[in-house]
Amino acid sequence: MTTFYKYLEVAVALPLNQTYTYSVPDSLLSLISIGKRVLVPFGKRRISGFIMGKGENSGHYPIKNILDVLDESPLFLPDIIPFFYWISDYYMHPIGEVIKSALPGGLTLTDSIIISITPKGIKALDSDKINPLEKKLLIRLQQGKCLLKTLCKNIEIPGAMIHKFVNQGWADSHRELHGKRTMEKTERFVSLIRPCRPVHGLSEKRKEIINILESKKDISLKTLKEYVPKSGQLITSMSKQGFLSIFPKPVYRDPFGESIVPDSSPELNQEQSDVVSKAAASFDKGFAAYLLAGVTGSGKTEVYMRLAAEAIAKNLPVIILVPEIALISQMERRFRARFGEQVAVLHSGLSSGERFDQWMRIIKKKAPIVVGARSAVFAPVENPGLIIVDEEHDTSYKQGADLLYNARDIAVVRAKLSGGIVILGSATPSVQSFYNVRTGKFKELALTKRVEKRPLPYIQIVDLRQTRDLRGARRFITQPLINAVKETLEKKEQVLLFLNRRGFASFPVCAACGESIRCEHCDITLTLHRLAGSYKCHYCGFTKNAPCNCSVCGSSDIKHLGLGTEKLEAAVKALFPEARVARMDRDTTTRKGSILKILKSLRNRAVDVLIGTQMVAKGHDFPNITLVGIICADLSLSFPDFRAGERTFQLLAQVAGRAGRGNVPGRVFLQTYAPEHFSIIAAKHQDFKFFYNTEIGFRKALNYPPFSRIIQLRISGKNIDKTRETAQVLGRLCREKQKKNTAFLRNIEILGPIEAPVAKIANQYRWQMLIKGNKIKELHQFTRQVGAENPKVFNDSKVKVIIDVDPFFMS
């Protein structure tokens, strides 16, 4: 809806914690709407910003005009603006960058300084009077124009030298708008001009074209040419003669690929029916939050679909979040089979154009159901009535860069702001969410039985301490598991083997001197990927050809210790040469569509044994998998993180739940070096409440979440001494601030600064601090005051300080 505001409140896409007021020229007044982007002057630059609402002219300073309106339709609706402001305040992140993170990519324009060489500069290259650094700069500019900040940062040329070149006439400096501009896609369509001219005397081909358009109303030019081959010139001629109209029309880039056969709703069991009735009773009654704790295979997805149908019947939009792209395809198929064209998808696997088109379908109310990964929590639906967070415990809901939000948590906030209901579903709920049930913030819904009375899998613990002295594959694929795989394959059933570590060998070490093969940019050992013929760093992506010699002593005798999915795959193929084996990890699923291809092969029984990392554990439904082998259950127990036990239990219970989801009962072999650990015992019995009751005692004794709240300060920089010094200064400033305020001294605990467990990643040295307390508002207040009083520390170009509210990862 067009709004005639003379002054606008605009949030610019820059790291600034405020909005700005601009005026609107009369020529642009009719184009103004909340949620559109505008091009605005900002200092000496032009940048894009977002219209947040009506601005006020305080009269204290001159107000600049906006330069242009960049969108035909709004990109977000007014009702989501309070949500953006809440996120900005809670996560202490600039409002403009919050909106930029929420919207599809390719929508931000920036005005930057471009440097290019002049004829005088080319001539200077031949001079023997320039120094090597000046020559390096001129050679780079001779290759083509370049952003000023790129020259200063990547090529490490001092800014003063560039300005000197401009002053001498060796280089030219000017400003350019740059950035991708994702737009609507249009195609040329053809329609008949009414009233249609007489067709008698026309050729058969012309009559055929007219008959097609009579039945189709309008049709794309491309499709019409397929119906009537070699008709391009004829169609153009008929347009000129007044028979046809050729015009551009917006079209959606289809992200779905294949059509889905519609399904019908199955009959619910009593538990499912009770859950749907209880949750649906909350519609139109204001905000409500539910934790749906349902064992694996209990039919949570069918509950989601029934609740979505109830919401749509009341004209309430629905958002469904799932943690991984692989799960989106499964959930999207189920919802499209039930709801057809009413479903849109949002995730990073879409091209920028596909994502933009899906976004516009949603905002134009053509798709009231949105299925997506964490960023779909920002979907531009108006006042969502139902938000579902499937596998709510999953760590993938925590954004790892830029805006460090937790999609599960802000989904609850968005539902609260819109007066809708939120359903958090999981077979292994997070400690935080179940604590919210115990304290009355959430209501509990339970599904305790699998659908069709299918039994939970039988889980057998195998003690790996008994095989630690064996050599070869039998050290990590024990005899009981080998026997079980053999029996399963003989029955023509499928096997899932889980190992949460990719690659072939995770610890290559020199047999001569004992030095490991390490990353040149991180404080971490490289992993051998034998099929790729390289050692890889799983943190920064650095690769080194394999085989190679030891960098310390030069020996070529490298022992490949440790285990990964590649080595497991090789061992399985050697033990079971007749089996069809597939591997599902980050190395095999990088190409678009590769995950779907693997899942389709599994569904069509073209795979006998699937080997995978944690991506196979997340909610997939494989009816013919009757055996799950967990190769080493302890890998995540050793992480330096208070949530290590929680993540271990969740991962093991989820993987075990992939077995026996069809008509044949399932078996799980859980191999571990720590069979007495309570997380392992709880996973064996699929007993979340036993795990929770044990874990919550440890959390309370140590005052860790959910009994406290944490803000993490991450300090990183390229210079080891400067980074350490900044961390120590920040620690001192925090403690000085704490001592000056009695409330801070009483209620806030400061841990660190200390080097991060992985002390260097991608040539960045890393330190961290934890600020812990019982009240998040007090932690916010403390952190803001330290930042406001010490802006040089928080805004140093050499050492970055990142604020992470409610951190998920401590490494």
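The values are calculated or read from the model by the stated rules, or taken from the named source; none is laboratory data. Computed from a predicted model, the values in this text were never measured in an experiment. Don't worry about glycine lacking a Cβ; one is built from the backbone with ideal geometry, like all the others, and counts go over all protein chains shown.
So Arg583 ticks every box in (1) crowded, with 19+ Cβ neighbours inside 10 Å; (2) not in a strand (DSSP E or B) but one. Which box is left unticked?
Here Arg583 meets the rest and fails (2).
Could you say which residue among Lys416, Lys441 is in a helix (DSSP H, G or I) and either more than 18 Å from the chain's Cα centre (by Cα) or in the same structural domain as Pro15 (by TED's automatic domain parsing) (or both)? Don't jump to the end; show me each part of the working.
Details: Lys441 fails: in a helix (DSSP H, G or I).
After ruling out the rest, the residue left standing is Lys416.
For the range 313-328, which positions are in contact with a helix residue (DSSP H, G or I) (Cβ under 7 Å, 6 or more places away or on another chain) and either more than 18 Å from Ser418 (Cα to Cα) or β-branched (Val, Ile, Thr) (or both)? I'd like the intermediate steps shown before the answer.
Pass one, the range 313-328, residues in contact with a helix residue (DSSP H, G or I) (Cβ under 7 Å, 6 or more places away or on another chain): 318-326.
Hits for the range 313-328 are Val318, Ile319, Ile320, Val322, Pro323, Glu324, Ile325, Ala326.
Exactly one of (1) of a type outside the set (Ser, Thr, Tyr); (2) closer than 30 Å to Glu72 by Cα; (3) modelled with pLDDT of 85 or more is unmet by Met238. Its number?
Unmet condition: (2).
Return the residue satisfying two criteria in turn: it lies in the range 591-626 and is among the hydrophobic types (A, V, I, L, M, F, W, C) and assigned to a helix (DSSP H, G or I), and of such residues it is nearest to Gln494 (Cα to Cα).
Of the range 591-626, the ones among the hydrophobic types (A, V, I, L, M, F, W, C) are 595-596, 598-599, 602, 606-607, 609-611, 615-617, 622, 625.
Retained after the next criterion (residues that are assigned to a helix (DSSP H, G or I)): 595-596, 598-599, 602, 615-616.
Details: Ile595: 18, Leu596: 18, Ile598: 14, Leu599: 13, Leu602: 8, Met615: 18, Val616: 14 Å.
This residue is Leu602.
Looking at Leu327, is it of a type outside the set (Val, Ile, Thr) and at pLDDT below 95?
Details: of a type outside the set (Val, Ile, Thr): yes; at pLDDT below 95: yes.
So Leu327 fits the description; yes.
Considering only residues that are buried (at least 20 other Cβ atoms within 10 Å of the Cβ) and among the polar types (S, T, N, Q), which ones fall in the range 451-496?
Once the filter is applied, which keeps residues that are buried (at least 20 other Cβ atoms within 10 Å of the Cβ) and among the polar types (S, T, N, Q), the range 451-496 yields Thr478, Thr488, Gln494.
Does Gly425 satisfy being at positive phi and either assigned to a loop (DSSP other than H, G, I, E, B) or crowded, with 20+ Cβ neighbours inside 10 Å (or both)? Show your work before the answer.
On the way: at positive phi: no; either assigned to a loop (DSSP other than H, G, I, E, B) or crowded, with 20+ Cβ neighbours inside 10 Å (or both): yes.
When the stated conditions are applied, Gly425 does not pass them.
Do we have Ile631 as under 24 Å from Val451 (Cβ atoms), touching a residue at least 12 places away in the same chain (Cβ under 8 Å) and touching a Leu at 6+ places or on another chain (Cβ under 6 Å) here? Write out each step before concluding.
On the way: under 24 Å from Val451 (Cβ atoms): no; touching a residue at least 12 places away in the same chain (Cβ under 8 Å): yes; touching a Leu at 6+ places or on another chain (Cβ under 6 Å): yes.
When the stated conditions are applied, Ile631 does not pass them.
In the range 211-237, what residues are more than 23 Å from Pro250 (Cα to Cα) and in a helix (DSSP H, G or I)?
If the condition is that a residue be more than 23 Å from Pro250 (Cα to Cα) and in a helix (DSSP H, G or I), then Asn211, Gln233, Leu234, Ser237 are the ones that fit.
Name the residues in the range 649-682 that are modelled with pLDDT under 85 and out of contact with any Ser or Thr (no Cβ under 9 Å at 6 or more places or on another chain), would you?
Asn663
Here are some conditions: (1) within 30 Å of Gln479 (Cβ to Cβ); (2) among the aromatic types (Phe, Trp, Tyr); (3) under 25 Å from the mean Cα position of the chain (by Cα). Tyr539 meets all but one. Which one does it not meet?
(1)
If Ser396 satisfies every condition in (1) farther than 21 Å from Pro705 by Cβ; (2) modelled with pLDDT under 95; (3) in a helix (DSSP H, G or I) but one, which is the exception?
(1)
Take the residues in the range 685-715 that are among the basic types (Lys, Arg) and surrounded by 16 or more Cβ atoms within 10 Å (Cβ to Cβ), then tell me which one is nearest to His780 (Cα to Cα).
Of all residues in the range 685-715, those among the basic types (Lys, Arg) come to 689, 699-700, 709, 714.
Now narrow it down to the ones that are surrounded by 16 or more Cβ atoms within 10 Å (Cβ to Cβ): 699, 709, 714.
Values: Arg699: 22, Arg709: 10, Arg714: 16 Å.
So the residue we want is Arg709.
Scan the range 165-181 for residues that are modelled with pLDDT of 75 or more, touching a helix residue (DSSP H, G or I) at 6+ places or on another chain (Cβ under 9 Å) and at negative phi and report the count.
First, pick out the residues of the range 165-181 that are modelled with pLDDT of 75 or more: 165-174.
From the residues that got through so far, the ones that are touching a helix residue (DSSP H, G or I) at 6+ places or on another chain (Cβ under 9 Å) too are 165, 168-173.
Okay, now just the ones that are also at negative phi, so 165, 168, 170-173.
Number of matching residues: 6.
Exactly one condition in (1) of a type outside the set (Gly, Ala, Ser); (2) more than 28 Å from Lys718 (Cα to Cα); (3) without any contact (Cβ under 8 Å) to a residue 12 or more places away in the chain is not met by Thr543; state its number.
Only one criterion is unmet by Thr543, namely (2).
Regarding Val345, is this residue part of a strand (DSSP E or B), within 11 Å of Leu321 (Cα to Cα) and not hydroxyl-bearing (Ser, Thr, Tyr)?
Details: part of a strand (DSSP E or B): yes; within 11 Å of Leu321 (Cα to Cα): yes; not hydroxyl-bearing (Ser, Thr, Tyr): yes.
Considered against the rule, which asks whether it is part of a strand (DSSP E or B), within 11 Å of Leu321 (Cα to Cα) and not hydroxyl-bearing (Ser, Thr, Tyr), Val345 comes out as yes.
It is to be established whether one or more residues within the range 382-389 are surrounded by fewer than 21 Cβ atoms within 10 Å (Cβ to Cβ), under 17 Å from the mean Cα position of the chain (by Cα) and not aliphatic (A, V, I, L, M).
Restricting attention to the range 382-389, the residues satisfying the condition of being surrounded by fewer than 21 Cβ atoms within 10 Å (Cβ to Cβ) are 382-383.
Add one more test, that the residue is under 17 Å from the mean Cα position of the chain (by Cα), and what stays is none.
No, that holds for no residue.
Tally the residues that are touching a strand residue (DSSP E or B) at 6+ places or on another chain (Cβ under 9 Å) and in a loop (DSSP other than H, G, I, E, B), restricting the search to the range 468-499.
Number of matching residues: 6.
Restricting the range 364-387 to residues that are free of Cβ contacts under 8 Å to residues at least 60 places away in the same chain and in a loop (DSSP other than H, G, I, E, B), which is farthest from Phe335 (Cα to Cα)? Reasoning before the result, please.
In the first step, residues of the range 364-387 are kept if they are free of Cβ contacts under 8 Å to residues at least 60 places away in the same chain; the result is 365-368, 370-374, 376-377.
Pick out the ones that are also in a loop (DSSP other than H, G, I, E, B) and you get 365-368, 373.
On the way: Lys365: 17, Lys366: 15, Ala367: 12, Pro368: 12, Ala373: 15 Å.
Of everything passing the filter in the range 364-387, Lys365 is farthest from Phe335 (Cα to Cα).
Could you tell me whether Gly554 is surrounded by fewer than 18 Cβ atoms within 10 Å (Cβ to Cβ) and not assigned by TED's automatic domain parsing to the domain that holds Gln671? Give the derivation first.
Working: surrounded by fewer than 18 Cβ atoms within 10 Å (Cβ to Cβ): yes; not assigned by TED's automatic domain parsing to the domain that holds Gln671: yes.
Judged against the criteria, Gly554 is a match.
When the range 647-662 is examined, which residues are found to be surrounded by fewer than 24 Cβ atoms within 10 Å (Cβ to Cβ) and over 15 Å from Val495 (Cα atoms)? Don't jump to the end; show me each part of the working.
Within the range 647-662, the subset surrounded by fewer than 24 Cβ atoms within 10 Å (Cβ to Cβ) is 647, 661-662.
Across the range 647-662, the qualifying residue is only Arg647.
Have a look at Ser418, Ser506 and point out the one that is crowded, with 17+ Cβ neighbours inside 10 Å, among the polar types (S, T, N, Q) and at pLDDT below 95.
Numbers: Ser418 fails: at pLDDT below 95.
Exactly one residue qualifies, and that residue is Ser506.
If Ala633 meets every condition in (1) crowded, with 18+ Cβ neighbours inside 10 Å; (2) more than 19 Å from Thr565 (Cα to Cα); (3) at pLDDT below 90 apart from one, which number is that one?
(2)
Could you list, in sequence order, the residues of the range 115-147 that are part of a loop (DSSP other than H, G, I, E, B) and touching a Ser or Thr at 6+ places or on another chain (Cβ under 9 Å)? First the steps, then the outcome.
First, pick out the residues of the range 115-147 that are part of a loop (DSSP other than H, G, I, E, B): 118, 125-131, 143-145.
Passing the criteria: Gly144, Lys145.
State the number of residues belonging to the range 626-680 that are within 19 Å of Ala427 (Cβ to Cβ) and of a type in the set (Asp, Glu).
1
Let's see how each residue does on (1) in contact with a strand residue (DSSP E or B) (Cβ under 7 Å, 6 or more places away or on another chain); (2) within 25 Å of Lys398 (Cβ to Cβ):
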position	(1), (2)
Lys314	no, no
Ser329	no, yes
His347	yes, yes
Leu350	no, yes
Phe356	no, no
Pro368	yes, no
Pro380	no, yes
